[in-house]
Amino acid sequence: MGQYVAPIRDMQFVLHEFLKVEEELKSLPDYSEVDADIINQVLEEGGKFTAEVLFPLNHSGDREGCKHDAATHTVTTPKGFKEAYKQYVDGGWAALACDPEYGGQGLPVVLNNSFYEMLNSANQAWTMYPGLSHGAYECLKEHGTDHQKKVYLPKLVSGEWTGTMCLTEPHCGTDLGMLRSKALPQADGSWLITGNKIFISAGEHDMSENILHLVLARVPDAPEGSKGISLFLVPKYLPKEDGSVGERNPITCGAIEEKMGIHGNSTCQMNLDGAKGWIIGQPNKGLNAMFVFMNAARLGVGMQSLGLTEVAYQNALIYAKDRIQMRSLSGVKNPEMPADPIIVHPDVRRMLLTGKAYAEGARAFTSYVALQIDRELHHPDEEVRKEAADEVALLTPIVKAFITDNAWIATSEAMQVFGGHGYIAEWGMEQYVRDARINLIYEGTNTIQSLDLLGRKILGDNGAKLRKFGEKIKAFVEDNGTDEAMSEFVTPLGDLGDKVTKLTMEIGMKAFQNPDEVGAACVPYLRVVGHMVYSYFFAQMAKIALAKEDSGDNFYKAKLATARFYFARLQPETATLIRQARSGSANLMALDADLF
Ligand SMILES: Cc1cc2nc3c(=O)[nH]c(=O)nc-3n(C[C@H](O)[C@H](O)[C@H](O)COP(=O)(O)OP(=O)(O)OC[C@H]3O[C@@H](n4cnc5c(N)ncnc54)[C@H](O)[C@@H]3O)c2cc1C
């Protein structure tokens, strides 16, 4: 069923040539020993594991799906998932970027990021089981008590136990302030939690010995709304003193959802019938603690979509070179065949290059953000840590929404390359489109990400974080503005940077008069800023490629062609998006709801 080869050459380009990670990591004492050899070895081994173990289970997992047994409340994952998970744990993959204090390998997030791209290309549904554990690890590490860290972190790090995030309830998804699950304090310091959660990814499964649910609930007399939410750790099995699993806790799976994609991942209705839990952080401050998990998950969803973009593109490319239909408009290219391969047709190339550009743009972008996380967590200088944290906060909603929107476009174009063969299940292309769709919805819909970017991250701090990032772009434009060879990249970058500044000010002014202006502008606005970020990264990558264009390594020729395609064909949509963002709220709000 198709193929997947980890794009190690491009990953190495991004890590070694674009980001110069080896040099960067030298300034972070915890990672000063991580050199190019270690990085390349992990990439090679990760590429083998994902292509050989996980990818073969992707299509079969989709066809088979998960099975729920109502009598025992158990969920059986598709054939091979459990065994692959054992290989993952035995190989130490779960521990890659975790703290050695809890048994981790202590490697940087920027390297784990590349591995996560591979995991998601190979099998997004499978990757969600360990993927959620990583968010739980980060949340507990930051907000857990010493005892919680001691008991639970080593199990999450090794992968013996997995994690979940239990936020959503039937009547509240986006608006968590309305949640109703209740927690009652017990004399021994624990809490008994009652409520119903829905859509809980990996809520029940057969891959690990225990599952740690991070559950949002209300304590007695909690204030209304989001200020009255607390976070609890609720294990499926209560751990014994020696760390082994003990009594079954009454948090059970009542059903699993039938859904459009990611069939290999269980989406569970979870019933808590007085389940025992322990509070994480302070009462009523649960959302604050959960945000650590949610931010990790938002970046993780961006990675899911990068993975899908890459694998869909790879398969479309193979097909386009093999499938023969019609003759090239500019004359026969393959006279010995009855027709030319479809890659000769300009529009097939447009579809392929869309996938290639969105994959390479997202790879550079997410790797950059991952390196900023490493700096935020490990740089010795507090000022640098703060700057990195601000940038990660600004860029997180863009990673989530821009990459997932682009993957929806790119996987659909990749399917289109196959014509009717893309629409039928046999080739596996329709699965990528189905799997990609959820990424625009969960972890805060893309509208919510756009509101977060424009309302909270940009207007909320009077544009300070955006200005800081803009200064980097300005410096690059100034440094390269006189280089003629760079003008095709630098001119549109500088121009878009100026337009974003003006657009932000304009919306900010309008928002003073009418807050609906933010809601009306935010979605096209995020895409415009996303393109500004990609323009900045593609311009930098083009500069490296220009310098090595004649090196004899065709990789650089391809990189330049991709950057040129990006600026010529994808980035210009910003003109329309800016018009949309400026068009104001009246065209949306004028119609009375009854008149729709
Ligand atoms: C397969 C799957 C897996 C999931 N996994 C998990 C999980 O592991 N844990 C978990 O807790 N949840 C999970 N979810 C839930 C998911 O995060 C929610 O579905 C999502 O946050 C949206 O909530 P909702 O479905 O209630 O939609 P609603 O909140 O009802 O939103 C409906 C629509 O209204 C829009 N909207 C809402 N408020 C605003 C606003 N202020 N401004 C503009 N538009 C707005 C939304 O963008 C959306 O388009 C999962 C969902 C699915 C389908």
For region 426-439, what are the residues that are within 12 Å of the ligand (Cβ to nearest atom) and aliphatic (A, V, I, L, M)?
438
If only one of 117, 101, 138 is open to solvent by 10 Å² or more (accessible area, probe 1.4 Å), acidic (Asp, Glu), in a helix (DSSP H, G or I) and at pLDDT 95 or above, which one is it?
101
Please indicate, with yes or no, whether at least one residue in region 65-72 is assigned to a helix (DSSP H, G or I) and more than 20 Å from residue 251 (Cβ to Cβ).
no
Can you find, within region 156-170, the residue that is surrounded by the most Cβ atoms within 10 Å (Cβ to Cβ) among those that are near the ligand (Cβ under 8 Å from one of its atoms) and over 26 Å from residue 95 (Cβ atoms)?
167
Quickly run through region 1-44 and pick out the residues that are in contact (Cβ under 8 Å) with a residue 40 or more places away in the chain, open to solvent by 40 Å² or more (accessible area, probe 1.4 Å) and over 21 Å from the mean Cα position of the chain (by Cα).
1, 2, 3, 9, 24, 27, 29, 30, 38
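Of the residues 520, 568, which single one is of a type outside the set (D, E, K, R), away from the ligand (no atom under 16 Å from the Cβ) and out of contact with any Phe, Trp or Tyr (no Cβ under 8 Å at 6 or more places or on another chain)?
Values: 520 fails: away from the ligand (no atom under 16 Å from the Cβ).
Only one candidate qualifies: 568.
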Qualifying positions in region 440-472 - out of contact with any Lys or Arg (no Cβ under 8 Å at 6 or more places or on another chain) and within 11 Å of the ligand (Cβ to nearest atom):
440, 441, 442, 445, 447, 448, 450, 451, 452, 455
Do you know which residues across region 199-252 are of a type outside the set (Asp, Glu), open to solvent by 60 Å² or more (accessible area, probe 1.4 Å) and at positive phi?
199
Could you check how many residues of region 104-114 are over 17 Å from residue 133 (Cβ atoms) and part of a helix (DSSP H, G or I)?
3
Quick one: in region 171-190, which of the residues that are assigned to a strand (DSSP E or B) and surrounded by fewer than 24 Cβ atoms within 10 Å (Cβ to Cβ) is farthest from the ligand (Cβ to nearest atom)?
185
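Given the options 48, 86, 67, name the one that is within 14 Å of residue 123 (Cα to Cα) and open to solvent by 10 Å² or more (accessible area, probe 1.4 Å). Before the answer, list the steps.
Numbers: 86 fails: within 14 Å of residue 123 (Cα to Cα); 67 fails: within 14 Å of residue 123 (Cα to Cα).
Exactly one of 48, 86, 67 is within 14 Å of residue 123 (Cα to Cα) and open to solvent by 10 Å² or more (accessible area, probe 1.4 Å), namely 48.
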If we keep just the residues of region 548-580 that are over 25 Å from the mean Cα position of the chain (by Cα) and among the hydrophobic types (A, V, I, L, M, F, W, C), which is surrounded by the most Cβ atoms within 10 Å (Cβ to Cβ)?
578
Write out, first by first residue and then by second, each pair whose Cβ atoms fall under 8 Å of each other, whose residues are 6+ apart or on separate chains, and whose first residue, in region 233-261, is outside any strand (DSSP E or B) and of a type in the set (D, E, K, R) while the second is more than 15 Å from the ligand (Cβ to nearest atom) and open to solvent by 40 Å² or more (accessible area, probe 1.4 Å).
236/248
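Restricting region 129-155 to residues that are within 16 Å of the ligand (Cβ to nearest atom) and among the aromatic types (Phe, Trp, Tyr), which is nearest to the chain's Cα centre (by Cα)?
Quick first cut of region 129-155, residues within 16 Å of the ligand (Cβ to nearest atom) only: 129-139.
Filter again for among the aromatic types (Phe, Trp, Tyr), leaving 129, 137.
Working: 129: 14, 137: 17 Å.
Within region 129-155, the match that is nearest to the chain's Cα centre (by Cα) is 129.
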So, of the residues in region 581-592 that are in a helix (DSSP H, G or I) and open to solvent by 80 Å² or more (accessible area, probe 1.4 Å), which turns out to be farthest from residue 536 (Cα to Cα)?
589
Among the residues of region 244-267, which ones are touching a Gly at 6+ places or on another chain (Cβ under 8 Å), of a type in the set (Ser, Thr, Tyr) and more than 8 Å from the ligand (Cβ to nearest atom)?
266
Pairs only if they're at least six apart or on different chains, beta carbon under 7 angstrom, first in region 424-443 and closer than 24 Å to residue 322 by Cβ and open to solvent by 50 Å² or more (accessible area, probe 1.4 Å), second at pLDDT 95 or above and away from the ligand (no atom under 15 Å from the Cβ); list them, first residue then second.
427/418; 427/421
Give region 569-596 a look and list any residue that's aliphatic (A, V, I, L, M) and under 18 Å from residue 453 (Cβ atoms), or say none.
577, 578, 581
Would you be able to say whether some residue in region 517-538 is in contact (Cβ under 8 Å) with a residue 12 or more places away in the chain, assigned to a helix (DSSP H, G or I), over 27 Å from the mean Cα position of the chain (by Cα) and closer than 19 Å to residue 18 by Cβ?
no
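The values are calculated or read from the model by the stated rules, or taken from the named source; none is laboratory data. In this text the structure is predicted, and so the values were computed from the model without any measurement. Heads up, the Cβs are rebuilt from the backbone with ideal geometry, glycines too, and the neighbour counts pull from every protein chain shown. Remember, those area values only see protein heavy atoms, side chains included, never the ligands or the DNA or RNA. Shrake-Rupley method; radii C 1.70, N 1.55, O 1.52, S 1.80 Å.
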